[in-house]
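A.B. asks: Got a structure for you, written out below as structure tokens; questions coming shortly.
The values are calculated or read from the model by the stated rules, or taken from the named source; none is laboratory data. Fair warning: this is a prediction, and the values are worked out from it, not measured in the lab. As a convention, Cβ positions derive from the backbone with ideal geometry for all residues, glycine included, and neighbour counts pool all protein chains shown.
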Amino acid sequence: MRRHRWMIVTAVILLIFVIKGSVEAAAGGKEGTGQSTAWLKLTIDGRPIADKPYLNKGTTMVPVAPIAAALGGKVEDAIDKTKVQWGDMAVILASGTKEATINGGEVLLPEVPVKLNGKLYLPFKAIVNVFGINAGYKPNEKTVELTTKNKKAIIYGYAVDKYGQPVTRGEIYLSSFSPKLVGYELRFWNGFYRIEVEEGTYSARLKINDYTFNLPDINVQIRNNDRVFVHLAQPKPNLMINVHYEDGQPVEYGSLVLRLNGREAKIEIDQGKAEYKVSEKGQLFIDEISVNNSNYNEWDVYELYDVDPNERNKAVDVVVHRPNVRLQAKNNGKLQNGAMELQYPQLAMQFSPLYNLWEGEIVLYLPIGTYHWVNFTSYSNGQKFKIDKAITITDENVNTATVIVWEMPDSFISGNVQFMKGSSAIAISDIDELVFSTVADFSVPPVASVSIEPDGSYDAYLPDGNYYVFYRSIGKMLQIISDMFVVADGKAASPNFVIKID
């Protein structure tokens, strides 16, 4: 299996200012703070700035105009509002209120902006949130330091829930597949987030209260040193799902797993109802449920609906059933943890949902019909087995779930792969897996595929037979190693492979 490196970022910003000294000036009047202020120093990109920040009742206030100038922008004052504009960014602030607007989206600042002597001051904590720049403080020098130039690109912004309120606690997942695969995970609080990223074109997912939402409208192209504000919003639902048992009683609380065009989403059940945002046309498959205060395998669902984002206020029913099938994977009679894929004949889209077999089994509810258990991936050694096991359901309402068992092959093969260039062995870090097939046709699913360890070793469970053996390099087609790999009586005569590189 391919191994991707994900960069995990957890940001916790703690800003504490302890400033001692005498009061240097006092301010008052209509636009004043009405409180004593201690004036501080300000530098932007290392340059001293004449306009000074000040400390008032534990809050450091920073002048907005020099920040806008450093970003190549300007400040426009109106009667009750101030507009700050630079590049493609436009921020509207108002003295005396936390409510602000960034690029047309409403945000709630952590502190209130203040006008003093005709100049607008922004709380220090809001500087990073509004402008996306770096901010720091040197207590010994009583100096606020701002840096507008960043070594890496920055995506920052504001996230709201379906009611338009700031997400008090959430997570953001950013991923880009071009020019290379890279991903970031960020925890944030009170709506605002900020993260340094590499070049790429990014999509986003938003997690709120353990529920993750795809954001299909987010497609942000980032170049080196860009600083881009992105407003994220939990999708507003357009599909109501009524969840109830066979007797009509609603499921009070829990969660549903839905699949639409191969993508998966988890949504909350609240007093028998769940809401979902349909963002594309297709077949909605609802096949997993978790009911609060019940065992994880006590209930199951199976529903299919054709959905369209142009349909408004649509409602569907989901009936919760007792499971009627228990699928188990075993090796020499012992249950084996792993993952399996099951093909459903009713699905218009040709994809196989992936299920985890914790403790070696999974229980499901399946309507009348024939299904196919197509593969199993062992968690013990990562081997993926081809399976073609038919599951026929003739009665969907049974008192006891029917047990269906798949046994792993008894033969355990262990070997080594070595690459040679001339007379020297070379590293095989670019090799992904070995593939064993009974035919040379790549279009036919193989019997098994196994990962190669960094030291070149591999382990495989294979039934007796003759195999073609291929290796797969990351991002490349399968290439044949051997057309005569024989397993007899549970053993392979030549389990090691030497591959010569020109």
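A.B. asks: Condition first: closer than 24 Å to residue 284 by Cα and in a strand (DSSP E or B). Now tell me which residues in the stretch 328-361 satisfy that.
C.D. replies: 339, 340, 341, 342, 343, 354, 355, 356, 357
A.B. asks: Considering only residues that are in contact with a Leu (Cβ under 9 Å, 6 or more places away or on another chain) and within 21 Å of residue 200 (Cα to Cα), which ones fall in the stretch 231-249? Reasoning before the result, please.
C.D. replies: Step one: list which residues in the stretch 231-249 are in contact with a Leu (Cβ under 9 Å, 6 or more places away or on another chain), which gives 232-235, 239, 241, 243.
232, the sole residue that qualifies.
A.B. asks: In the stretch 290-307, how many residues are farther than 29 Å from residue 358 by Cβ and surrounded by 14 or more Cβ atoms within 10 Å (Cβ to Cβ)?
C.D. replies: Quick first cut of the stretch 290-307, residues farther than 29 Å from residue 358 by Cβ only: 306-307.
Filter once more, so that each one left must be surrounded by 14 or more Cβ atoms within 10 Å (Cβ to Cβ): 307.
So the answer is 1.
A.B. asks: What are the residues in the stretch 270-319 that are among the small types (Gly, Ala, Ser), outside any strand (DSSP E or B) and under 19 Å from residue 364 (Cβ atoms), if any? If you could, list the steps in order and put the result at the bottom.
C.D. replies: Just the residues of the stretch 270-319 that are among the small types (Gly, Ala, Ser), to begin with: 272, 274, 279, 282, 290, 294, 315.
Subset that is outside any strand (DSSP E or B): 272, 279, 294.
294, the sole residue that qualifies.
A.B. asks: While we're on this one: Need the failing condition index for residue 164 against (1) in a strand (DSSP E or B); (2) closer than 28 Å to residue 308 by Cβ; (3) not charged (D, E, K, R), just the number.
C.D. replies: (1)
A.B. asks: Between a first residue in the stretch 203-216 that is more than 19 Å from residue 229 (Cα to Cα) and a second residue that is β-branched (Val, Ile, Thr) and modelled with pLDDT of 90 or more, which pairs have beta carbons less than 6 Å apart while being 6 or more apart in sequence or on different chains?
C.D. replies: Within 6 Å, the pairs are 208/167.
A.B. asks: Just give me the residues in the stretch 386-401 being closer than 18 Å to residue 320 by Cα and either surrounded by 16 or more Cβ atoms within 10 Å (Cβ to Cβ) or not β-branched (Val, Ile, Thr) (or both), in sequence order.
C.D. replies: Residues of the stretch 386-401 that are closer than 18 Å to residue 320 by Cα, as a first pass: 393, 395-401.
Result: 393, 395, 396, 397, 399, 401.
A.B. asks: To continue, here is another question. For the stretch 69-91, what are the residues that are part of a strand (DSSP E or B) and either modelled with pLDDT of 90 or more or in contact with a helix residue (DSSP H, G or I) (Cβ under 6 Å, 6 or more places away or on another chain) (or both)?
C.D. replies: Going through the stretch 69-91, the residues part of a strand (DSSP E or B) turn out to be 74-77, 82-86, 89-91.
Scanning the stretch 69-91 gives 74, 75, 76, 82, 83, 84, 85, 86, 89, 90, 91.
A.B. asks: Name the residue, out of 337, 356, 331, that is touching a residue at least 60 places away in the same chain (Cβ under 8 Å) and not assigned by TED's automatic domain parsing to the domain that holds residue 257.
C.D. replies: Values: 337 fails: touching a residue at least 60 places away in the same chain (Cβ under 8 Å); 356 fails: touching a residue at least 60 places away in the same chain (Cβ under 8 Å).
Going through 337, 356, 331 in turn, the sole match is 331.
A.B. asks: For the stretch 358-385, give me each residue that is under 26 Å from residue 414 (Cβ atoms), surrounded by fewer than 19 Cβ atoms within 10 Å (Cβ to Cβ) and aromatic (Phe, Trp, Tyr).
C.D. replies: Residue satisfying the conditions is 379 alone.
A.B. asks: Considering the stretch 241-270 alone, what residues qualify as being among the hydrophobic types (A, V, I, L, M, F, W, C) and closer than 15 Å to residue 209 by Cβ? Talk me through it step by step, then tell me what you get.
C.D. replies: First pass over the stretch 241-270, keeping only residues among the hydrophobic types (A, V, I, L, M, F, W, C): 241, 243, 251, 256-258, 260, 265, 267, 269.
256, 265, 267, 269 - these are the residues of the stretch 241-270 that are among the hydrophobic types (A, V, I, L, M, F, W, C) and closer than 15 Å to residue 209 by Cβ.
A.B. asks: Do you know which of the residues in the stretch 92-142 that are assigned to a strand (DSSP E or B) and among the basic types (Lys, Arg) is nearest to residue 188 (Cα to Cα)?
C.D. replies: Taking the candidates together, the pick is 138.
A.B. asks: When the stretch 402-458 is examined, which residues are found to be touching a Phe, Trp or Tyr at 6+ places or on another chain (Cβ under 9 Å) and closer than 30 Å to residue 298 by Cβ?
C.D. replies: Result: 404, 406, 408.
A.B. asks: List pairs: first in the stretch 409-428 and under 28 Å from residue 330 (Cα atoms), second surrounded by fewer than 15 Cβ atoms within 10 Å (Cβ to Cβ) and of a type in the set (Lys, Arg), Cβ under 8 Å, 6+ apart or cross-chain?
C.D. replies: Close Cβ pairs satisfying both conditions: 411/491; 413/491.
A.B. asks: Based on what the data block shows, is residue 439 of a type in the set (A, V, I, L, M) and at pLDDT 85 or above?
C.D. replies: On the way: of a type in the set (A, V, I, L, M): yes; at pLDDT 85 or above: yes.
Here the answer is yes, as residue 439 does meet what is asked.
A.B. asks: Could you please tell me which pairs satisfy a Cβ distance under 6 Å, a separation of 6+ or placement on different chains, a first residue in the stretch 48-72 that is under 17 Å from residue 93 (Cα atoms), and a second residue that is acidic (Asp, Glu)?
C.D. replies: 63/51; 66/51
A.B. asks: Still on this model: When residues of the stretch 170-211 are filtered for being in contact with a Leu (Cβ under 7 Å, 6 or more places away or on another chain) and β-branched (Val, Ile, Thr), how many remain?
C.D. replies: Here the count works out to 3.
A.B. asks: Give 159, 135 a once-over and let me know the one that is buried (at least 18 other Cβ atoms within 10 Å of the Cβ) and in contact with an Asp or Glu (Cβ under 8 Å, 6 or more places away or on another chain). Before you say what the answer is, go through the steps one by one.
C.D. replies: Values: 159 fails: in contact with an Asp or Glu (Cβ under 8 Å, 6 or more places away or on another chain).
Only one candidate qualifies: 135.
A.B. asks: Still on this structure, please answer the following. State yes or no: is residue 359 among the acidic types (Asp, Glu) and under 25 Å from the mean Cα position of the chain (by Cα)?
C.D. replies: Details: among the acidic types (Asp, Glu): yes; under 25 Å from the mean Cα position of the chain (by Cα): no.
It is false that residue 359 is among the acidic types (Asp, Glu) and under 25 Å from the mean Cα position of the chain (by Cα).
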